[in-house]
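Remarks on the structure that follows.
The values are calculated or read from the model by the stated rules, or taken from the named source; none is laboratory data. These numbers were taken from a predicted model, which means no experiment stands behind them. Cβ: placed from backbone, ideal geometry, glycine included. Neighbour counts: every protein chain shown.
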Amino acid sequence: MRSHPRKHAAGIRANVYTKFIITDNSQGIPDHDFKARITVVEIAMETVELAFELFELHDTRSDLNPIILMHGLFWNKFLFKDLATDICKETKRKVYTLDLRCHGESPVSENFCTEALVEDVKHFMEQKDLKTVAFISHSFSSSVAYLIALEKPEAVEKLVFIDHPTFASFSQVGFLDTVTPQVRIQNRLLNSLNPQMTLQEAKNKFFELAKMGNKGVRFSFSFI
């Protein structure tokens, strides 16, 4: 396995003009008729350099399309370390795990819309010269993979969604129902830290927990 280090905030890139897929369900169009809800426009957008890890073994095949594994809200690439290793072994493919913007070791941005997340991942694929990939996406990142597939179907071999419909239009109420329990967990973790810690020491503590993988997840839920 080969891992790549974090990308720094200097990688923020401004004024990228691109095509977006915007949804509008104000007319009550059924979810199954999703294409009828698509509008393509040109818009300026900043992209950020995403932190990632690459999983690659001695018998990994270069002729197979790589896999991009994306986490859900408040998660990060470290939590998929065990899964990525197993997938790499079973499929003989390269596996990339990403930290989406505002998560893990990727830069923080005030813009956290779905379109920005899409552009970040597309930019990552361009940087790594990934012409075609298979996405395995958990929770809200499934929408990111789905929108990339709609805009650039030639770039997506397969889509695997975990715990998420193919696309979701989040209402404020639904969003709060999803986010509130996870914020409570994070607050309890924060309250468990030594108040004399510096900000960097606190970040290091959280990264140590995240790098525990599945053990770290079980530790987090013990705070509920």
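Every condition in (1) within 21 Å of LYS122 (Cα to Cα); (2) surrounded by fewer than 22 Cβ atoms within 10 Å (Cβ to Cβ); (3) at pLDDT 95 or above holds for THR91 except the one numbered (1).
Beta carbons closer than 6 Å, at least 6 apart along the sequence or on distinct chains, pair a first residue in the stretch 195-211 that is farther than 21 Å from GLY72 by Cβ with a second that is at pLDDT below 80 for ALA202/LEU193.
Among the candidates LYS158, LYS131, LYS122, the residue that is part of a loop (DSSP other than H, G, I, E, B) and modelled with pLDDT of 80 or more is uniquely LYS131. Considering the stretch 115-141, the residues that are polar (S, T, N, Q) and buried (at least 20 other Cβ atoms within 10 Å of the Cβ) include one that is farthest from the chain's Cα centre (by Cα), namely SER137. Across the stretch 60-98, the number of residues qualifying as in contact (Cβ under 8 Å) with a residue 60 or more places away in the chain and not in a helix (DSSP H, G or I) comes to 12.
All conditions in (1) surrounded by 14 or more Cβ atoms within 10 Å (Cβ to Cβ); (2) at pLDDT 85 or above hold for ALA168, with the sole exception of (2). Looking across VAL160, VAL156, VAL95, one residue alone is within 30 Å of HIS58 (Cα to Cα) and touching a Pro at 6+ places or on another chain (Cβ under 8 Å). It is VAL95.
Residue under question is GLU115, and the condition is that it be modelled with pLDDT of 95 or more, acidic (Asp, Glu), in a helix (DSSP H, G or I) and out of contact with any Asp or Glu (no Cβ under 6 Å at 6 or more places or on another chain); does it hold? Criteria not met by GLU115.
Taking LYS215, is it assigned to a helix (DSSP H, G or I) and modelled with pLDDT under 75? Spell out the reasoning first.
Details: assigned to a helix (DSSP H, G or I): yes; modelled with pLDDT under 75: yes.
In short, yes.
Where residues in the stretch 187-212 are within 30 Å of ASP86 (Cβ to Cβ) and assigned to a loop (DSSP other than H, G, I, E, B), which of them is modelled with the lowest pLDDT? Taking the candidates together, the pick is MET212.
Yes or no, residue by residue, for (1) of a type in the set (D, E, K, R); (2) out of contact with any strand residue (DSSP E or B) (no Cβ under 9 Å at 6 or more places or on another chain):
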{"residue": "SER109", "(1), (2)": "no, no"}
{"residue": "GLU115", "(1), (2)": "yes, no"}
{"residue": "VAL118", "(1), (2)": "no, no"}
{"residue": "GLN127", "(1), (2)": "no, yes"}
{"residue": "ALA134", "(1), (2)": "no, no"}
{"residue": "ALA149", "(1), (2)": "no, no"}
{"residue": "VAL156", "(1), (2)": "no, no"}
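Looking at the structure I just gave you, is LEU54 under 21 Å from SER142 (Cβ atoms) and surrounded by fewer than 20 Cβ atoms within 10 Å (Cβ to Cβ)? Steps first, answer last, please.
Details: under 21 Å from SER142 (Cβ atoms): no; surrounded by fewer than 20 Cβ atoms within 10 Å (Cβ to Cβ): yes.
When the stated conditions are applied, LEU54 does not pass them.
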